[in-house]
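Let me begin by presenting the structure, written as structure tokens, before commenting on it.
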């Protein structure tokens, strides 16, 4: 571990959050934006550095990829092509093999409609996907030395080394479809099992290569397995069909660490109402961190912070409140920031991308207040 005095300021802030350090200054960051085009119409400079404009810190971590996020890490990806012209809309086959209904000329800023997915059964899984998840494909490791040199240099500055990957539900959903997947857990358990074996073998192989060069500080799963009333899959079903693969992967990662004294933080990212799954993940996979605590689904970081004092939390700022004016912004921040600052273990940001309904000047005010209350 790099001595604290050799760490960058943002690395210290991130590490303090993960260590649940009371009264430590907050890392200044944001989840993302759906508002930038609208803000440019409202006077935001066209080519501005957002970190400088909004007083964001550097992230304080170095992210290792190669294992997907919202989709699996296919090698090769599907050919992106237009399948059907429907006038104002068109159907495209995307890189993950899904058939997606888009507005012509638009690919971002709205929720697309997925009308077909590449996996229906074991036959289509093996024909369309399995061979694209080969952990031995040499293309997966092209440029590995250069990427690992950058990771080692980041580690020398104290940045946390984070391995990101598509979690089980996100991975399965992108291949099978959200509704179809829920039936498949019951109707095609052999398909789920074969998919998860491939998920594990790819993740284990890629991470093992990374671990030859660096010690991981965090393994970060993109999951999105909750909706506004709780988990989409019963915890009992998750424990039976998904969690054993997580447990084995985490065991393997810990066993391979160069610095075996280093704590490996486990983070789960899921929108929706994650509350029923917090004790579940903490017990079964030693989850240390979670995000983004969607307020509209009932997640209150102040209450959950009291209930789970050892949980590092990122998110929990209600994006809808940012559109209600400065008084509402002040009330929200003054309720959350002092309590969570005393507690520690909190990285404040919106509970998803900032929507276009938020006025640019009010977001600037929000950022100013975040700095005032979080330093």
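The values are calculated or read from the model by the stated rules, or taken from the named source; none is laboratory data. This is a predicted model, so every value here is computed, not measured. When we count neighbours, we look across all protein chains shown, and the Cβ atoms used for this are built from the backbone with ideal geometry, even at glycine.
Can you pull out the residues in region 177-194 that are under 17 Å from residue 225 (Cβ atoms), in contact with a helix residue (DSSP H, G or I) (Cβ under 6 Å, 6 or more places away or on another chain) and in contact (Cβ under 8 Å) with a residue 40 or more places away in the chain?
185, 192
Could you please let me know if residue 287 is free of Cβ contacts under 8 Å to residues at least 40 places away in the same chain, in the same structural domain as residue 172 (by TED's automatic domain parsing) and crowded, with 20+ Cβ neighbours inside 10 Å? It would help to see each step written out before you state the result.
On the way: free of Cβ contacts under 8 Å to residues at least 40 places away in the same chain: yes; in the same structural domain as residue 172 (by TED's automatic domain parsing): yes; crowded, with 20+ Cβ neighbours inside 10 Å: yes.
Answer is yes for this residue.
When you scan region 7-42, how many residues do you find that are farther than 19 Å from residue 58 by Cβ and in contact with a strand residue (DSSP E or B) (Cβ under 6 Å, 6 or more places away or on another chain)?
Residues meeting the conditions: 1.
Counting only residues that are surrounded by fewer than 17 Cβ atoms within 10 Å (Cβ to Cβ) and either part of a helix (DSSP H, G or I) or at pLDDT below 95 (or both), how many does region 263-278 have?
1
Scan region 316-375 for residues that are within 16 Å of residue 42 (Cβ to Cβ), out of contact with any strand residue (DSSP E or B) (no Cβ under 8 Å at 6 or more places or on another chain) and not in a helix (DSSP H, G or I) and jot them down.
Taking region 316-375 and keeping what is within 16 Å of residue 42 (Cβ to Cβ), we get 322-323, 325-326, 354-367.
Next cut, out of contact with any strand residue (DSSP E or B) (no Cβ under 8 Å at 6 or more places or on another chain) only: 323, 325-326, 355-362, 364-367.
Residues satisfying the conditions are 325, 355, 356, 357, 358, 359.
On the basis of being farther than 21 Å from residue 224 by Cβ, in contact (Cβ under 8 Å) with a residue 24 or more places away in the chain and not assigned by TED's automatic domain parsing to the domain that holds residue 44, does residue 371 make the cut?
Spelling it out, it is not the case that residue 371 is farther than 21 Å from residue 224 by Cβ, in contact (Cβ under 8 Å) with a residue 24 or more places away in the chain and not assigned by TED's automatic domain parsing to the domain that holds residue 44.
Give, as residue ranges, the strands (runs of 3 or more DSSP E) completely inside region 39-128 that count at least 1 residues that are under 23 Å from the mean Cα position of the chain (by Cα) and either under 26 Å from residue 205 (Cα atoms) or modelled with pLDDT under 95 (or both).
In region 39-128, the matching strands (runs of 3 or more DSSP E) lie at 61-64, 113-116.
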